[in-house]
Every structure is written in structure tokens, then in C-alpha cells.
Amino acid sequence: MGFTHVLGTDPSHKMIDQANAELLKDRVDDEQIKYTVLRAEEVDSFLARKSVGLITAGVAAHWFDQSRVWPGLSTVLAPGGTIAFWVSGYLHLRQPN
């Protein structure tokens, strides 16, 4: 599966502003890379159903409301898609309903 678009999200306006500044600093002018203010638990209100091939979260997954994030992620994840979280410690994942 190839990827044609990248969407970076964060609930902090400051982090999104910094990410956009990095794109400008590196002179990246690519419509395929976008950043937006969005909580992980809200992805299903922003993205189309079954439209995402890869969902990643680095060191932020422990902040997610596990009871809300899994239903949203499973809604937007395409068949055969992957969810990958990495953390520095333990992350307890409950079995989604």
C-alpha cells in the first residue's frame, strides 16, 4: 500500500504552528503534507470512513482516552490498515468493544 497524503495532528495549536514552521524552514511546499489541531479521539469527525492506511502515535498514546479513541480509529482505518503506537514505558490497551 502506498501513501499519497500525510496528516499530522495534535490538540495543541502551538505544536501545529511549530510543525508548519518546520515545513516552511525546510522549504517544503507540498500539498500532500498537512497539520491540523485535532484530538485523537475526534479523528472520525474529521476523516472519511475507511480512508486511512496507517495511523501512528509516538509517546502520546498514554494520553488518549482509550474508551473513545479506539472506536474512532477503527472507523477511519482502511481494511488491511495498521495502527502503530510507540511509548517509553508501558501502555495498557484494553480490548476494544
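The values are calculated or read from the model by the stated rules, or taken from the named source; none is laboratory data. From a predicted model like this one, the values you see are computed outputs, not experimental measurements. Using ideal geometry, Cβ is built from the backbone for each residue, glycine included, and neighbour counts are taken over all protein chains shown. The accessibility values were calculated without ligands, DNA or RNA, using every heavy atom of the protein model including side chains. Shrake-Rupley method; radii C 1.70, N 1.55, O 1.52, S 1.80 Å.
Some points to look at:
- Its Cα centre serving as origin, the chain has a Cβ charge dipole (Lys and Arg +1, Asp and Glu -1) of approximately 300 debye.
- From the coordinates shown, volume of the Cα convex hull per residue in Å³ corresponds to which of (i) 117; (ii) 97; (iii) 136: (i)
- Cα→Cβ-extended label distance, 7 Å offset, between VAL37 and SER67, nm: 2.7 nm
- Residues considered: ASP44, ASP30, ASP65. Largest GNM mean-square fluctuation over the chain, using C-alpha springs under 10 Å, is found at ASP30.
- In the context of the full set of protein chains, the chain has a per residue accessible area of 75 Å² (1.4 Å probe).
- Dipole of the chain [Lys/Arg +1, Asp/Glu -1 at C-beta], most positive-end residue of ILE33, VAL59, THR75: THR75
- Each Lys or Arg adds one and each Asp or Glu subtracts one; over the other residues with Cβ under 14 Å from the Cβ of VAL43, this totals 0.
- Gain upon complete extension [PHE46, VAL87; 0.36 nm per residue less C-alpha separation]: 12.3 nm
- Helix axis angle, 13-25 relative to the chain longest principal axis, alpha carbon, degrees: 40 degrees
- Contact order normalised by residue count of the chain, Cα under 8 Å, 6+ apart, percent: 28 percent
- With respect to the chain, whose longest principal axis is taken over its alpha-carbon atoms, helix 66-76 is tilted by about 70°.
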